[in-house]
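The values are calculated or read from the model by the stated rules, or taken from the named source; none is laboratory data. Since the model is a prediction, treat every value here as computed from it, not as a measurement. So basically every Cβ, Gly included, is an ideal-geometry build from the backbone, and we count neighbours across all protein chains shown. Note: accessible area is taken over every heavy atom of the protein model, side chains too, but ligands, DNA and RNA are not part of it. Shrake-Rupley method; radii C 1.70, N 1.55, O 1.52, S 1.80 Å.
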Amino acid sequence: MRVPLVDLSTIHGELDGEIGSAIRRVIEANAFAGGPEVEAFERKFAAACGTRYCVGVSSGTAALELILRAAGIGDGDEVIVPVNTFVADAEAILLAGATPVFVDCIESTGLVDPDAVATAVSPATSAIMPVHLYGQPVQMAALQELSARHGLLLIEDACQAHGARLDGRPVGSLGDAAAFSFYPSKNLGAMGDAGAVTTDDETLAARLRMIRDHGCREKYHHELLGGTHRMDGIQAAVLGVKLEYLNGWNEQRRQIASRYRLALESIGSVSCLEDLSNGGHVYHLFVVRVAGRAGLLDRLHEAGIGAAIHYPVPLHRQPSLAGLGYAADQFPVANRLADDILSVPIYPGLTDDQLELVVSSL
Ligand SMILES: Cc1ncc(COP(=O)(O)O)c(C=O)c1O
């Protein structure tokens, strides 16, 4: 038996007919870049996130960059972002022309530390970018208060948290704007690259719609500097089908997470990251900490288990970001986590036998 880190074959097998028909509709309508499927998905996803607007774009990274550009954040502006995240957050800030300001995370959850964010605010700060990492919503109250007090844009990176909720409210509606990725392995994944922004801000949404398509409101009249960042019709059609199943898949992920917690309790050298979400976590990843992790990943791979590390190198130690000038020993919590975290397989369709094999191999 093998247990890959992610296996989409169960859900894609079940939806084969529905997805096939949706793709055929796009082919028949000749609407491959933008078009009615994108508009329909945007309406459905905005409703799911409880926001007035959704703007479909080409990826999660584009969503993050375009939010900043549409808000006029660029040269001379600082954006506060955690170091325990995927590189896209820092890339998006730099691509927009602004400067990332890194902060550490909380040891028990791996999520951004609100006290560190408060300390990092300077006269140049324009935005805060909390990341709902691993599918767990950041406790937003302190950041909402901080951004209101200093007039900062609060941008949720919800790329790993489709359908997650904080005190009953969906992520995507907890700040001024949110970025989603529909990379295939996400809880809501396309069959290629895609992303979206959700927001209640009408002006921001209008500017995003222009910037994603070369700054046009009217074809060939380029009012803003934009680019090719549209969502594909085929991806929107696939996502429209899958969105109906998201809550059920997330519930399956939560059940698998509970079974892991129970089964791993007996292994002294393994501990689970804390879930503070009161049922709102959607477990994009199930992350444990392992004392003495060295060599474990290779041994799990040999046993046919697709474990991984999210992320082995925090942003302040990434070579592509060395120009920002951070020292390797800054952000001790993120450094400690990078040394001992491990993501074990979690996806809808993971069987009890597969879960048992992961636990016994650990
Ligand atoms: C936390 C986070 N932010 C941003 C992104 C970027 O999304 P994309 O790969 O769609 O550009 C990802 C995707 O892996 C992510 O996990």
| What does a probe at ALA263 reach in region 299-320, counting residues whose amide N is under 16 Å from the point 7 Å along Cα→Cβ? | 300-301, 303-308
| message | Looking at region 107-245, I'd like the Rg to Rh ratio, where Rg is from alpha-carbon atoms and Rh is Kirkwood's inverse mean 1/r. | response | 1.00
| query | Among all the lysines, which ones have a C-alpha under 25 Å from LYS44's C-alpha, if same-chain residues fewer than 8 places away are not counted? | reply | LYS186, LYS242
| Calculated FRET value between ALA148 and LEU276, using beta carbons and R₀ = 22 Å, to 0.05 | 0.45
| field | Fluctuation leader among TYR134, TYR260, TYR220 - the chain, Gaussian network, Cα springs under 10 angstrom | value | TYR220
| remark: Taking protein heavy atoms only, a 1.4 Å probe, and rounding to whole percent, the accessible area of region 144-226 owed to carbon and sulfur comes out at 48
| Accessible-area composition of region 43-100, carbon plus sulfur, in percent [1.4 Å probe] | 51
| message | Give me, ordered by chain and number, the residues 5 or more places off ARG52 or on other chains with an amide H under 5 Å from its own placed amide H. | response | THR199, ASP200
| remark: Longest the chain segment clear of trypsin sites (Lys or Arg not before Pro) sitting in DSSP loops (not H, G, I, E or B) with at most 11 other Cβ atoms within 10 Å runs 3-218
| query | Which value, in Å to one decimal place, does the Kirkwood hydrodynamic radius take for the chain when every pair of different Cα atoms is included? | reply | 20.9
| Between region 1-30 and region 180-220, what is the C-alpha centre distance in whole Å? | 22
| Solvent-accessible heavy-atom area per residue, rounded to whole Å², over region 94-190 at 1.4 Å | 31
| field | region 295-362, accessible surface, carbon-and-sulfur percent (1.4 angstrom probe) | value | 51
| query | Any idea of the accessible area per residue across region 242-362, 1.4 Å probe, to the nearest Å²? | reply | 46
| field | Debye log10 I(q)/I(0) at q = 0.12, 0.13, 0.22 Å⁻¹ for region 15-98, Cα point scatterers | value | -0.53, -0.60, -1.05
| Computed helical MRE - 222 nm, the chain, DSSP H runs ≥ 4 contributing -39500 (n - 2.57), nearest 500 | -11000 deg cm²/dmol
| said: Can you compute the charge dipole magnitude of region 241-359 about its Cα centre, using +1 on each Lys and Arg Cβ and -1 on each Asp and Glu Cβ, nothing else charged? Give it in debye, rounded to the nearest 20. | reply: 240
| Derived scalar couplings ³J(HN,Hα) [region 96-106; Karplus, 6.51 cos²θ - 1.76 cosθ + 1.60; whole Hz; x for Gly, Pro] | 6, x, 9, 10, x, 10, 7, 9, 7, 10, 8
| message | Largest first and in whole Å, what are the equivalent-ellipsoid semi-axes of region 1-158 based on the Cα gyration tensor, each being the root of 5 times an eigenvalue? | response | 34, 21, 14
| message | Using only the Cα atoms of region 231-321, what semi-axes does the equivalent ellipsoid have when each is the square root of 5 times a gyration tensor eigenvalue? Give whole Å, largest first. | response | 28, 21, 14
| task | Springs between alpha-carbon atoms under 10 Å, Gaussian network over the chain: tell me which of LEU239, LEU64, LEU264 tops the mean-square fluctuations. | result | LEU264
| task | Please work out the C-alpha center-to-center distance from region 63-111 to region 236-264 and express it in whole Å. | result | 28
